[in-house]
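The values are calculated or read from the model by the stated rules, or taken from the named source; none is laboratory data. Just so it is clear, the model here is predicted, and its values are computed rather than measured. Quick reminder, even Gly has a Cβ in these numbers, built from the backbone with ideal geometry, and neighbours come from all protein chains shown. Calculation scope for accessible area: heavy atoms of the full protein, side chains included, ligands and nucleic acids excluded. Shrake-Rupley method; radii C 1.70, N 1.55, O 1.52, S 1.80 Å.
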Amino acid sequence: MSNRTVLHGIGVSAGTASGPVAVVTPAVGIDEHEPASVDPEADGERIRGVLQDVSASLSARAEHANSDASKAVLEATAALANDKGLIRGVDKELKKGAGATKAIHDAVEVYAAKLRKLGGYMAERVTDLYDIRDRATARLRGLPEPGIPDMAEPSVLVAHDLAPAETATLDQNLVLGIITEAGGATSHTAILAAQLGIPCAVQVKGIAEAIIDAPSVALDGGVGEVIVSPNESDVAELEERSRRRAAALAGSSGEGATRDGHKVKLLANIGTAEDAEKAAKLDLEGSGLFRSEFLFLDREAAPSVEEQAETYTRALRAFGDRRVVVRTLDAGADKPLSFADLGEEENPALGRRGLRLSQAREDLLTDQLEALAAAGQAVPDAELWVMAPMVATVEEANWFAERARAAGLAKVGVMVETPAAAIRARQVLEEVDFASIGTNDLSQYTMAADRMQGELAELLSPWQPAVPSMIRETCRGGEATGKSIGVCGEAGGDPLMALVLVGLGVKSLSMAPGKVRAVRAALRLHDFDTCRQMANFAVDARTAAGAREAVFNLADPVLKDLL
Ligand code: PEP
Ligand code: MG
């Protein structure tokens with residue numbers, strides 16, 4: 001049995017959990033000791049059987065997928081496992097003398113090269129092909145399949161990292177918490193965990209080794225603390241934290257405001273019409289970010305105007321007269337679109353993504369704006385706002401605003417995600433009605449640190465004083481032009497950072513719906529003047545750690561129960 005060990009990572013989704021460990025198994029490679037095939041026919045039969053089993057188990061998982069998008073991904077992968085071309089390739093490798101696991105690896109590589117050449121949607125299937133290869137290899141070697149294990153009882157998932165597709169298929173009734181060794185606070189996996197309301201810590205170094213033979217693990221997803229093989233008093237302490245958190249949250253309801261009544265709209269980040277319907281039932285004031293690209297990903301062709309209009313109408317209906325801010329298509333970089341492939345780029349995060357992709361494929365934006373306008377007309381009470389991602393210049397803001405207004409949309413804005421837009425906010429805002437700061441990308445571009453790189457987590461922290469400085473500049477632009485500035489990146493869902501943002505002049509905060517209660521409770525504990533002082537401390541600090549500490553020291557003691 002392993003010893004009690006305390007580890008620290010980054011808390012990305014608050015809440016506590018303790019229970020048995022379910023390890024997400026890494027992929028195993030070729031069996032280096034396997035002999036060459038002496039009976040290619042028999043080996044071929046065996047591999048065929050294994051591929052059929054892999055296909056059947058993926059189909060079974062598709063049945064339980066928690067969204068239409070992940071169901072479609074799993075079904076497509078299941079079909080690919082039975083692909084005749086793949087099986088023919090395996091037979092060919094076996095005849096050349098490869099052993100079973102080598103035959104499947106080599107056949108997959110040949111097949112993957114063909115798909116890559118075809119480009120677009122076909123090229124994207126390569127990831128699915130590798131998934132099939134890894135599952136089949138594990139079965140051939142009699143080892144557990146890679147990925148999320150079937151859980152017999154509610155457990156805490158421990159993984160090196162989780163792909164967004166894996167996170168999207170998690171059974172919320174069985175996954176008590178998530179701990180990863182890699183990953184970053186603004187990776188899409190962390191965002192999805194928070195969206196699902198599952199306590200989660202990332203960047204927990206040493207967790208893989210520490211949990212070997214560990215019967216259980218405890219997690220505080222707020223502060224990022226993990227206790228491997230916790231003792232009774234650890235579990236009692238976590239339960240006490242959970243109780244204190246519940247007490248601090250009690251009575252958190254109604255409009256967002258500081259203790260002295262300075263109003264701050266508290267909004268939900270959503271990705272689908274279902275998200276909208278779920279979030280709208282909660283006590284919050286609308287949606288400050290509808291990541292509309294989720295409607296476009298994993299598809300062979302763009303959704304039609306009618307389909308889009310139906311989705312947006314559903315979202316608007318769900319929120320009634322509450323505000324819904326729809327971000328137009330933000331694809332490219334880590335969210336490629338098979339039907340809008342602009343070719344390979346050396347640095348996709350600095351390439352034609354976000355609004356730049358819309359400029360290259362104006363037809364996609366035109367359809368989307370038409371669909372949004374139709375949804376706005378279908379729900380006349382709705383407060384529909386529309387904004388563009390990744391804006392860097394006045395010309396881009398103007399280009400977008402002209403098209404959105406021509407489509408009949410009344411409230412048009414931009415996201416501030418680049419330092420260029422932040423420090424020139426006044427000029428950019430002169431073109432539009434509002435701005436919303438995407439702190440995930442603004443941190444990435446301010447610090448020149450890839451948000452997908454968990455190793456750069458420290459640089460990516462919104463507490464890096466350069467980030468609040470950028471936000472201050474944006475808010476100054478907002479004050480000069482009388483336009484409203486919101487935040488819709490992950491920073492807005494951190495109760496301590498939220499106070500700084502409000503002090504900097506931000507008028508609305510949009511976050512994973514499950515985070516709203518804690519942020520509202522944090523605001524109620526503090527006066528606006530305190531928030532302003534916190535903002536000064538954050539901007540004036542010399543280091544990220546110094547900024548957080550200075551702000552924390554100024555906060556009401558109850559705030560720590562909300563983190
Ligand atoms: C952001 O960058 O902060 C943001 C809200 O957009 P996304 O995370 O979808 O890039
Ligand atoms: Mg962004």
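Miscellaneous remarks
- Antiparallel %, DSSP beta bridges [both residues in the chain], to 5: 30 percent
- Apportionment of accessible area to carbon and sulfur, region 40-141, percent (1.4 Å): 52 percent
- Classification of region 167-292 by its C-alpha gyration tensor yields an oblate form. The axis ratio a/c (a ≥ b ≥ c) is 1.5 or more, and b/c is at least a/b.
- Accessible solvent surface per residue of region 40-141, calculated while the other protein chains remain in place, 1.4 angstrom probe, Å²: 48 Å²
- Mean accessible surface per residue for region 298-378, computed with a 1.4 Å probe while every protein chain stays in place, in Å²: 45 Å²
- Accessible area of region 179-318 belonging to carbon and sulfur atoms, whole % at 1.4 Å probe: 51 percent
- Cα gyration tensor shape for region 40-141, rounded if a/c is under 1.5, else prolate or oblate: oblate
- Each Cα pair under 8 Å and six or more residues apart adds its sequence gap; the mean of these over the residue count of the chain is a relative contact order of 15 percent.
- Long-range amide H partners of residue 176 with built H, under 5 Å: 155, 156, 157
- Size of charge dipole - the chain - debye, nearest 20, with Cβ of Lys, Arg +1 and Asp, Glu -1, no other charges: 1120 debye
- Here region 484-535 exposes an accessible surface that is 46 percent carbon and sulfur, computed with a 1.4 Å probe and the other protein chains kept in place.
- As a ratio to 2.2 N^0.38 Å, the alpha-carbon radius of gyration computed for region 251-562 takes the value 0.95.
- Exposed trypsin sites (Lys or Arg not before Pro) absent: longest stretch of the chain, with sites in DSSP loops and at most 16 other Cβ within 10 Å deemed exposed: 300-541
- For region 40-141, the relative contact order is 31 percent, taking Cα pairs closer than 8 Å that sit 6 or more residues apart in sequence and dividing their mean separation by the residue count.
- Calculated over the chain: convex hull of Cα atoms, volume per residue (Å³): 146 Å³
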